[in-house]
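So the structure is just underneath, and the comments pick up after that.
Throughout, read-outs are computed from the coordinates displayed, never taken from laboratory work. Every value quoted in this text rests on a predicted model; they were computed, and no experiment measured them. Here the Cβ positions follow ideal geometry from the backbone for every residue, glycine too, while neighbour counts run over all protein chains shown.
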Amino acid sequence: MPQVEATWNVRMRLPVRLGAETLRVSAMRHGATGTKRSPAFAAAAACVEQLWGERLSDTLAAPRDAKTTLQEWAQARRLPLPDYREVGREGPAHAPVFVVDVSIKGHEPTRGRAGSKREAERLAAAALLERLGAS
């Protein structure tokens, strides 16, 4: 089991080191007379990090959405934001299939087809990222 090294810094935040990883834990507790520092909370946070730190770090990174990735790709190249346009709707009214094109200035539009507009936009963005080699 890794050794926990804990020290207080000027701002009363507790760095808890586990091997090469560092977790900064706010060690504050709200009391009736204002904000108080609580070493007990810091010790509890260190214990949680020591016992479950590996599992927690695996879940911290949120999955990347294709629309977000495409927008960031365009902004990094100083291009206008992606333009999503509904170009068709197929199927019956109770179960439509949306057809959406996404385009970025200087690139051919790409199409996505799904049961919701949001999913069709996501699929179109993913297809454009793949075509651009940015996925």
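What distance in nm lies between label points placed 7 Å from Cα along the C-beta direction at HIS107 and GLU72?
1.5
Looking at the P(r) of region 45-135, how many percent of alpha-carbon pairs lie beyond 18 Å? Mind showing how you got there, number by number?
Details: 2185 of 4095 pairs.
Within region 45-135, distances greater than 18 Å cover 53 percent of Cα pairs.
If r is the Cβ-Cβ distance from LYS117 to ALA40 and R0 is 41 Å, what FRET efficiency results, to the nearest 0.05? Can you show the working numbers first?
Details: r = 50 Å, r/R0 = 1.22.
That gives a FRET efficiency of 0.25.
Could you go through region 102-108 in sequence order and give the Karplus-derived ³J(HN,Hα) for each residue, using 6.51 cos²θ - 1.76 cosθ + 1.60 with θ = phi - 60°, rounded to whole Hz, and x for Gly and Pro?
Listing the rounded values in order: 10, 9, 10, 3, x, 10, 5 Hz.
Grab the beta carbon distance between LEU81 and ARG55, set R0 = 41 Å, and tell me the FRET efficiency rounded to 0.05. Could the numbers behind the result be given before it?
Numbers: r = 37 Å, r/R0 = 0.90.
Step by step, r from the Cβ atoms, then E = 0.65.
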